[in-house]
Every structure is written in structure tokens, then in C-alpha cells.
1. R0 = 22 Å: FRET efficiency of T619 with T507, Cβ-based, nearest 0.05?
2. Please sort 52-61, 210-219 by packing, taking for each peptide the average over its residues of neighbouring beta carbons within 10 angstrom, highest first.
3. Once you have the Cα-Cα distance between I70 and E259, take 0.36 nm times their residue separation minus that, and quote the gain in nm to one decimal.
4. Sort E461, E537, E546, E206 by Cβ crowding within 10 Å, fewest neighbours at the top.
5. Can you match Cα Rg over 2.2 N^0.38 Å to one of these, [x] 1.87; [y] 1.04; [z] 0.92, based on a calculation from the structure here?
6. Of the DSSP beta bridges with both residues in segment 472-642, give the percent that are antiparallel, rounding to the nearest 5.
7. Which of H121, H104 comes first, and how do the rest follow, when ranked by fewest Cβ neighbours within 10 Å?
8. Hey, how many Å between the Cα centroid of segment 336-411 and the Cα centroid of segment 146-180?
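Only the coordinates and a few stated rules stand behind these numbers; no lab work does. Source: prediction; values computed, not measured. Cβ placement follows ideal geometry from the backbone for every residue including glycine, while neighbour counts extend to all protein chains displayed.
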Amino acid sequence: MGKNIVQKILDAHLVSGEPVPGQEVAIRIDQTLTQDATGTMTYLQFEAMGLDAVKAELAVSYVDHNTIQIGFENADDHRYLQTVAAKYGIIFSRAGNGICHQVHLERFGRPGKTLLGADSHTPTGGGVGMIAMGAGGLDVAVAMGGGPFYITYPKVCLIKLTGRLQPWVSAKDVILKMLEIFSTKGNVGWIFEYGGPGVATLSVPERATITNMGAEMGVTTSVFPSDAETRRFLAAQGREEQWIELLADPDATYDKIVEVDLSSLEPLTAAPHSPGNVMPVRQVAGMPVQQVEIGSCTNSSYVDMVRVARILKGRRAHPDVSFAVAPGSRQVLQMLARDGSLASLLDAGARIMESACGFCIGNSQSPPSGAVSLRTNNRNFEGRSGTKDAQVYLVSPETAAAAVITGKFTDPRDLGLAYPQVDMPERFFIDDSMFIFPGARSETGPSAGEAEIYRGPNIGEPPKNAPLPAEIKGQATIKVGDKITTDHIMPAGQLLKYRSNVPKYATYVFSPVDETFAARAAANRDAGIHNIIIAGESYGQGSSREHAALCPMYLGVKAVIAKSFERIHIANLINFGIVPLTFVNPADYDRIQTGDELVIPDIRAALGEKAPISVENRTQGVEIPVEANLSERQVKILLAGGLLNTVAGV
């Protein structure tokens, strides 16, 4: 029987386990990436493992999140990251070189390879035919050390693309249509593989936009074939020799097939406060817009930026619109400067931001109170922009540009303009001088392997957990609803500067939901009372931010009981010794209230023996059955109190 693309890559990297959907397998990881918001803790954990050097084929440390350096914390962490990279054989991408996913696609992405990144949008690499997955930093640290990465062998859904996108409809509208079809929940354990005749009509940057936002659906990753278009992209990046053809076999089978006719799509938007809240742009046409932000790892390619520049050429931003542009990489910015597109953007009134994550993670360009902000990024969770009551809509670059001109939500097809057709260049401008490669001597530092690692006062050791107790006895310290994101649990934005200082960062756990949680949880911990979190469906959506498990662990959280979990977050909970439990009967969620006294007796024995588990709610006088769908490996990690307790010299 023939294989699909997912099976070809995963099976070629299989280390252990059976390639049967639903079974846990271990796979070899070829490449890793980190960014500075997650990377500092990743490398602290890597150091704690006692290894001498990185063993993966390629490891890259990007600085792209916390480039606004107010105070010493971010600058100190960047210096730490650079010295760690020099010490252990990691490529260091300096601040200003661009957003990790855009830059990695340009300079390092290779068909048929596996990539593990400490960022949930690592699936961007699927645009060049990689199995690229987001994970917590500790899992990435293990992969850098040569250890395998464990996943549930996925079910594969073929997204069969037909037709061709019409003018003013773009790849962003494709992925928004996917979110309309599949929503943001219920897709754990799946990989989406794109195929069909419509694939050939999409460039690699367009494919990368689609795989990037696959993360919002909760799938393990998404992948496109490696075909003639992939070869053209790699040749334009001066890397044609890295191309391989990677196609599904003619008799490949799939667990599901969904057809999407590209010709039938129209401009779409995701309304507040979820990427899954999708509707046609014409449904909200005429709504006044106060801010437009174009960029992020989803829509900041050269082609995206040039198209916006051509739409705006000779026009001015509406007086009521604050307009900013963040090119995705230094390569993109250099090319815009050379071909005149940057001048068109400036003439239109654009504020040119750094090639960094910036507005997407809420550490710059927060909207005014209650403002409508149109953004080309991938998430519009409540408060993520930095303004609690902002109304953030996710749109394509074309729809964003239309609002810049008109000052209101406008279907770009209604502008009355000729659609600017922009082709991918035959050759990108290549300048890798902002990478520091292993073995290179900097003007101020020693050669690789000789580096002395710098640690600023904000950098602490990664906290460790104690082994799991015989029973969990404590309190339902907080009860939250459905679709709780890692931004709800561990807010980002300006607080990311504390990512290396867990005791400080932990004081903000759940602050967007309940500002009293951290203090109450710490008091319980100090009194010997275990903290338990109660949650609804899809707990842990969004970022791969392991601090959303690490900081609760520091506060004494021992278990999370939810209706369902998202993939990366459940792995992070296990990695830090927090037991993830699901309700056998989802209605039992209503039988626990904040403050209830809860006891989970014999939890160690129950996990080890795979025995039934129940929660005694002593306040309500009820017993609630729960379950732990864990592998033997995961149970071992939990019993030890976390992955770091089990790993030494991977």
C-alpha cells in the first residue's frame, strides 16, 4: 500500500513505537529552533542536562520576540542566548534578522526533514514539505541533545485543493476558511496534508501562511508536497541542492478527505475573540477601523509586502487609521528597500516596525481603548494585543490595505482597483551576516566552545518539582471555562521579560482571569495544600509557552481536571509534573466549584497500575470519575515530578 507524505516523513524518522494512529511513537528530530521568549528557559534546561554540545543536525536560536529593550532584562537574556549558542554549537540569529518562522523558511527549511520549535507556529515549515511541530522548550532541549520527540501517531486528513484563487482572495482566506470548517477545537491527533491540483497554483510563501495558522485548529502540524514550486523557492534562496521531490503515492490512503475549491473563496475575517470566529468581510463592511497592522509570521513575506505597497502606491492612510508594517525578515526589508516598495509604504503613511513579532504578541502597537484593529497575524485572543477591550480582527494583507485607504472594513474587491499580481522573485537577496554560526569569532567574544556563558541578575535556575505525592489533597483553586489559552494562563506582552525569572513571572499566573490566583495558590503551597485547576474544553490553546505549566508548577499546582486539552499544553503539563485528568462525564464539570476541597486518593498507585481514578469533592459530598490517557513513558515522568528529573545526559 502506498504512503502519504506524512507517513513517508514520520516513518523515515521513527525511533520506536508502531506507526498506528493513536499509538505513541518516538521520532528523530533533524532541526530545532527557539525564540527569545521561550529560548532562555530552553537553554537553561539544556544546560541542566549536562551535555557538551548540540547533537541535532541543526539548531538555531532566534531573537525576535523581546526586541523592545526597556530595562536590562531582555538585553541580558539576549546576551545569555548568544553566549550559550557559542558554547554549545547553535546558530544565533541576532535581533533584527527577523521572525524565526519567516527566516527559517527562507534559509534553513528543507523538504523531508523534521523540525521541532519552541513556538506553536513552527508548522510554518510545512510550506516546504517538512514535518514541523511546536513544542514546549523542555522537549526542544531534549531534541537538541539528540533525544527523540514523542507524539501520538496521527490520523491524516487530506485537504484536496481544486481551482485557483481569484483576484483579491489570498492564502489567508484559505486558512480562515479551514478554521470555519474545522474550528479551533476537536482536531488533536490529526495532521493536515494538502494535495490536489490547486496546490500547484500556490507559492511557498502562500503555503507557509496556510500551515502557519494550522496551529489555530489544534492539529499536530500541516504539510504541503515538495514539488516544482518548492524547488523554485529553494533555488531563489540559493539552496536548490537541498530540494527533494516529496509527493504522496498514487494509492496513498487517508483517514479523511475534505475538498476546498479555491475558486469559490472570498475575503474572510476572524472576528473577536477567536481565530475560529470566521465570517465574510462583506458582513462587516463599513465598520470604522482605527488601526491596521500588517506583518507577523503569518503574512510578512516579500510577496505580501510588495502587494500591499502596490495597492497603496500613490495613496495615503485614512486620517483615522494608525498604520504600521513589520516585514517578516531582514531579507524582506532589504528587498523592499531596493525595489522601491518601502518608499511606497512610507509615502502612504506606514510606520515601519522592526522585523520582529511585536504587535502580534502584544509588546508594541497596542490599540486605543475599544478600538477596531485589523491585523494580518494569527491570533486575536481577548487582551492579547495589550488592550483588554480592543476588537481585533484577523484579515489578509489585501483586506488590511483596503481599510488603510478607506478607514473602514472594506472587501478589497470593492475598491475598484486593478489587482496587483506579484510573482515570487527568481532570486531573493541573500545576506546571512546577521547569523553567528558555530565556530565564528565575534569582535568581543571568544570562539565557539570557549565561550563563557553570561547570566544577568534576572536569570535563575529552572525550578524542579518534587516527585508526585501518594495522593493529591487540596483545593479547586480556580475554575475556568472553555478555550482557555496560554495567554489566559501566562500573559505575554511586556511580562515576557520575566520569562527567565520564574518566581517573578509566576506572580502573574491567570492574572487576566483572576488577579488573586497567584497569591492564593502560593499561600496554599506554603501551607501544604495542593492546588488543582478545573477547566472546560480545549484547555491550553495557543502558544507553546511552557511557562503556562512551569509557573503553575512553581505555585504548587498538582493537577488540572478538564473536559479536554490541547496537544502542546498537555505535554508541557506532564513535563513539569502536573497530572492532566479529563472528566469521564463532562457534565461533572458542574459538580466542582472554586474553593471546593478535593482529594485524589492513591494517585501514584492509580497511574502506575492504570487503575480507575476518582476525585472526592468533600465540600459537595460527591465522587467524580476522571481518567488519565497516558503512556507508560508519560506516567514515569509524572511519578518523577517532571521530565527534567528523568533526564541527564540524554
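1. Numbers: r = 27 Å, r/R0 = 1.24.
That pair, T619 with T507, gives E of 0.20.
2. Details: 52-61: 19.3, 210-219: 27.3.
Going by the mean number of other Cβ atoms within 10 Å, highest first, we get 210-219, 52-61.
3. On the way: separation 189, 0.36 × 189 = 68.04 nm, distance 4.84 nm.
Length gained, I70 through E259: 63.2 nm.
4. Values: E461 12, E537 18, E546 30, E206 22.
Exposure proxy ranking, most exposed first: E461, E537, E206, E546.
5. Only one listed value fits the structure, namely [z].
6. 45 percent
7. Details: H121 30, H104 27.
Ascending number of Cβ neighbours within 10 Å: H104, H121.
8. Their Cα centres are 24 Å away from one another.
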